[in-house]
Protein chains: 2
Amino acid sequence: MKVLGVDPGSAATGFGVVEADARGALRLIECGVIRPAPKSTLASRLQQIHADLTALLDRHAPDVLAVEDAFHGRNARTTLVLGHARGVILLAGAQAGVIIAEYPPAVIKKAVTGRGAAMKPQVGFMVARLLRLSKPPEPSDAADGVAVALTHLLRGGRPALVQLARSPA
Amino acid sequence: MKVLGVDPGSAATGFGVVEADARGALRLIECGVIRPAPKSTLASRLQQIHADLTALLDRHAPDVLAVEDAFHGRNARTTLVLGHARGVILLAGAQAGVIIAEYPPAVIKKAVTGRGAAMKPQVGFMVARLLRLSKPPEPSDAADGVAVALTHLLRGGRPALVQLARSPA
């Protein structure tokens, strides 16, 4: 099973593609960050996020798009902008016809570190350990994207909330 | 000049297409509501909003997409979902290569009623008066979408915030 994990952010969106083989061995295929030009308009930044996500879905053809579901602890403006980014990410998944799974931040931290209130460096450390990498993926947004993909695989594909995408129009 | 006005909502997204002729006379071309099936997944609802908006942009080829910029007075969860809807709406505009203008709610109310704190029925009433309609467009979400388009035209195309969309990829 191949999973594309995404950690949407108002400035940077981290992603990671992780595959589990038949014996459950985990392998990192690709990870990185989508970071639209900060000076461009919101609409242009959304267009880039959507285009890059669509390209990742095309290239890797994952079975599942796993997305962090973050909605608290931020101010209203940041939450709204984050919502815009998540909107075009979920849209890309629906258009690609993949299964979409959403995980709250605490579930992701708990799945990869055993502790729902883990700090960022610990998430990176455990991502590296679980994937037998010499060091955590960088920047930390990329590691966070990988953590979302790992969460889906470590929980045996039982997401907190699964969205079955409508088939592409 | 032809303007597609959109009032994004977490449940229903109102829209209106208004044209101003060379003498400034205003004419309502179409209005309505995009109301995705409430029981479908968020991703599916976003896909429908995006597809319907894209179809409206194709059909009417407006010069401007005017969108209500609402980000306050709601709880975090509602704000996040509203952000998702706005995200795919702005994306559709960017993909169509139109100019995108955003107006805060108070600016819209002030433009069509003269009062930034006007109530919904007054907005509908003034929309009908300005467009010489026998009664306000229904449902009220549709009237709100028309009000956004009217705002852009009544202000002479000077939006509170203009986004110049990147040309389609």
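Could you grab the pairs with beta carbons closer than 6 Å, sequence gap of 6+ or different chains, first residue in region A:139-162 and modelled with pLDDT of 80 or more, second one among the hydroxyl-bearing types (S, T, Y) and buried (at least 24 other Cβ atoms within 10 Å of the Cβ)?
Partner pairs satisfying both residue conditions: A:T151/A:Y103.
Please go through region B:78-109 and give me each residue that is of a type in the set (K, R) and crowded, with 24+ Cβ neighbours inside 10 Å, ordered by number. Before you say what the answer is, go through the steps one by one.
In the first step, residues of region B:78-109 are kept if they are of a type in the set (K, R); the result is B:86, B:109.
Once the filter is applied, which keeps residues that are of a type in the set (K, R) and crowded, with 24+ Cβ neighbours inside 10 Å, region B:78-109 yields only B:R86.
Looking only at region B:52-83, how many residues end up being within 7 Å of chain A (Cβ to nearest Cβ) and in contact with a Lys or Arg (Cβ under 6 Å, 6 or more places away or on another chain)?
Result for region B:52-83: 1.
Of the conditions (1) of a type outside the set (S, T, N, Q); (2) modelled with pLDDT of 95 or more; (3) not in a loop (DSSP other than H, G, I, E, B), B:P62 fails just one. Which one is it?
Going through the list (1) of a type outside the set (S, T, N, Q); (2) modelled with pLDDT of 95 or more; (3) not in a loop (DSSP other than H, G, I, E, B), B:P62 breaks only (3).
Given the conditions (1) touching a residue at least 60 places away in the same chain (Cβ under 8 Å); (2) part of a strand (DSSP E or B), report the number of the one that A:I29 does not fulfil.
(1)
For B:L4, all conditions in the list (1) assigned to a loop (DSSP other than H, G, I, E, B); (2) buried (at least 17 other Cβ atoms within 10 Å of the Cβ) hold save one; what is the number of the exception?
All conditions are met except number (1).
Can you tell me how many residues within region A:114-129 are surrounded by fewer than 19 Cβ atoms within 10 Å (Cβ to Cβ) and part of a helix (DSSP H, G or I)?
6
Please enumerate the residues belonging to region B:87-110 that are under 22 Å from B:L56 (Cα atoms), of a type outside the set (D, E, K, R) and not in a helix (DSSP H, G or I).
Residues of region B:87-110 that are under 22 Å from B:L56 (Cα atoms), as a first pass: B:87-103, B:108.
From the residues that got through so far, the ones that are of a type outside the set (D, E, K, R) too are B:87-101, B:103, B:108.
If the condition is that a residue be under 22 Å from B:L56 (Cα atoms), of a type outside the set (D, E, K, R) and not in a helix (DSSP H, G or I), then B:G97, B:V98, B:I99, B:I100, B:A101, B:Y103 are the ones that fit.
Given the criteria more than 10 Å from chain B (Cβ to nearest Cβ), of a type outside the set (A, V, I, L, M) and in contact with a Gly (Cβ under 6 Å, 6 or more places away or on another chain), does A:K109 qualify?
Numbers: more than 10 Å from chain B (Cβ to nearest Cβ): yes; of a type outside the set (A, V, I, L, M): yes; in contact with a Gly (Cβ under 6 Å, 6 or more places away or on another chain): yes.
Judged against the criteria, A:K109 is a match.
Which of the following residues is without any contact (Cβ under 8 Å) to a residue 60 or more places away in the chain and under 16 Å from the mean Cα position of the chain (by Cα): A:A76, A:A55, A:A66?
Numbers: A:A76 fails: under 16 Å from the mean Cα position of the chain (by Cα); A:A66 fails: without any contact (Cβ under 8 Å) to a residue 60 or more places away in the chain.
Step by step, each of A:A76, A:A55, A:A66 is checked, and only A:A55 is without any contact (Cβ under 8 Å) to a residue 60 or more places away in the chain and under 16 Å from the mean Cα position of the chain (by Cα).
So which residues in region A:7-32 are closer than 23 Å to B:R86 by Cβ and surrounded by fewer than 24 Cβ atoms within 10 Å (Cβ to Cβ), if there are any at all? Quick ask: steps written out before the conclusion?
To start, the set of residues in region A:7-32 that are closer than 23 Å to B:R86 by Cβ comprises A:7-15.
Of everything in region A:7-32, those that are closer than 23 Å to B:R86 by Cβ and surrounded by fewer than 24 Cβ atoms within 10 Å (Cβ to Cβ) turn out to be A:G9, A:S10, A:A11, A:A12.
The values are calculated or read from the model by the stated rules, or taken from the named source; none is laboratory data. Model, not experiment: these values are computed from the prediction. Cβ coordinates were reconstructed from backbone atoms using ideal geometry, including for glycine residues, and neighbour counts include every protein chain displayed.
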